[in-house]
Structures are given as C-alpha cells and as structure tokens.
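The values are calculated or read from the model by the stated rules, or taken from the named source; none is laboratory data. In this text, all values refer to a predicted model and were calculated from it rather than measured experimentally. Cβ placement follows ideal geometry from the backbone for every residue including glycine, while neighbour counts extend to all protein chains displayed.
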Amino acid sequence: MNTALDAARMLHYRGAMETRDYSPIDRLLIGVDHAMRTVFGVPVTTDRDNPSEGCAEGAMEDAERRVAAGLMRVNHSGEVAAQALYQGQALTAKLPEVRGSMERAALEENDHLAWCERRLKELDSRTSVLNPLWYAGSYAIGAAAGIAGDRWSLGFVAETEHQVIRHLDEHLKRIPTQDARSRAILTQMKEDEAHHATLALEAGGAALPAPVKLLMRLTSKVMTKTAFWI
Ligand SMILES: [Fe+2]
Ligand SMILES: [Fe+2]
C-alpha cells in the first residue's frame, strides 16, 4: 500500500510529465532523484497488490532456492535497466504525449521492481551489486533511442518488452515448480510487459533493424549471465 508521501511523489511525477514548462535542468534533477530511488531507495509504485499475496511459500531444497534467487535477481536487474531506459527516453522524447506514456510505463515497472526485491528478501537473497552500472548503461541507451526520434524510441520499447517476455518464459520453465510466489510475480510481469509492447506499437513504434535487435539481445545476455551470480 502506498503511503501519503508516495502518493505525493506520484503526483509530483505526474505533474512532471503533464506540465510542459519544466526546464532541461529540472528534468535532469528529477531524473537523478529517480535514479537514486530506483537503485538505492524505495521507488514510487502503483497501488496494485503484489501478485504473490495468497500464494503459500513452497518447500525448496537449498540448491532450488539458489536457482530461484538467481533468476529473481536477474529479473530485478532487468527492471532496474527498464527504469533507466524509460527515464532516458523520457528525457529526450520530442512529443510530450510520448514522454508522458514513457513515464507512466516506468511507474508500472516500479511495481515489478518492488515485487522482485521483496521476493529476493523472502528467499534470503539480495539484489545485484552491479545495479548502478545497469542503470547508467541503460539510461544512456534510452536517451540515444529518444534522440533518434519517437517512432524509433517506441519501437525500441516494444522490442525490449518482447525480449523481456522471452526471458520471462525461459525463467518460468527454470524456476522450481513449487515456488508459486515467484511464479505468480513473473506471470503478472509477463502480462504487463505484453501490454507495454502493444501500447508502444499502437503509439507508432517502428520495427527495429535486425542488427539493432541482435545487439540488444547480446547486451541483455551479458546482464542476465552476470546478475544471476552477482
Ligand atoms: Fe517490467
Ligand atoms: Fe514493461
């Protein structure tokens, strides 16, 4: 449940995307605040319930628990990167309505971030120590996509989401079957990402060239392989 402070912050972010008189410096400072909150603090979420509520904790061997924690750490880092991509794009997007839809999507990604982080704690594990690095790199990529233009930026969101869905499918196969709590989170995330991809395409997202898609897959491979362990 959000506190009154969170509600105030959410209004602040909504205000930031709906009013168009914020200077580049204002937006940069809002971006820095967002980055700190994503990597080190408690991000602003929507008021949706955690999908794992009501799922019993499954009995797992130590090895199974480690696999579940490794996969949830990868997903958490993926959400840190998603935050940075969306914020980077929001900084450079040319059409205000595109900037708004990017920031709304980022708020929904915060739910994913919070759910994964809580699940990692339940599994007696931790988030990736490299999260600041994933954030910085993804922010730069997001900003570049925004500079390339809104059609490309939206196409980039759609492709990112499609690749995340493939990762989530793979994780749902690998995660121990008795880990119903993690599975409930990943299943809801998959549904949300598909919705984000559809929104981006409907808003005019362009299909990316094959080499760009390949480069994105290679980059995410580095992150997923590393974040599983550290
Ligand atoms: Fe997400
Ligand atoms: Fe998403």
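For segment 201-216, does any single residue satisfy the condition of being under 18 Å from the mean Cα position of the chain (by Cα), at pLDDT below 85 and in a helix (DSSP H, G or I)? Yes, segment 201-216 contains a residue that is under 18 Å from the mean Cα position of the chain (by Cα), at pLDDT below 85 and in a helix (DSSP H, G or I).
Would you check if A114 is modelled with pLDDT of 90 or more and away from ligand 2 (no atom under 16 Å from the Cβ)? Answer is no for this residue.
The condition of being modelled with pLDDT under 90 and over 21 Å from H34 (Cα atoms) holds for only one of G142, G155, G100, G137, that being G155. For the residues V74, V32, the requirement of being among the β-branched types (V, I, T), within 12 Å of the chain's Cα centre (by Cα) and either within 13 Å of ligand 1 (Cβ to nearest atom) or assigned to a helix (DSSP H, G or I) (or both) singles out V74. Beta carbons closer than 6 Å, at least 6 apart along the sequence or on distinct chains, pair a first residue in segment 69-85 that is in contact (Cβ under 8 Å) with a residue 40 or more places away in the chain and at negative phi with a second that is aromatic (F, W, Y) and away from ligand 1 (no atom under 12 Å from the Cβ) for G70/F228; V74/F228; S77/W134; V80/W134; V80/Y135; A81/W134; A84/Y135; A84/Y139. Looking across segment 37-58, the residues that are modelled with pLDDT under 75 and surrounded by fewer than 12 Cβ atoms within 10 Å (Cβ to Cβ) come down to F40, G41. Among the residues of segment 176-200, the ones that are surrounded by fewer than 19 Cβ atoms within 10 Å (Cβ to Cβ) and not in a helix (DSSP H, G or I) come to 3 in all.
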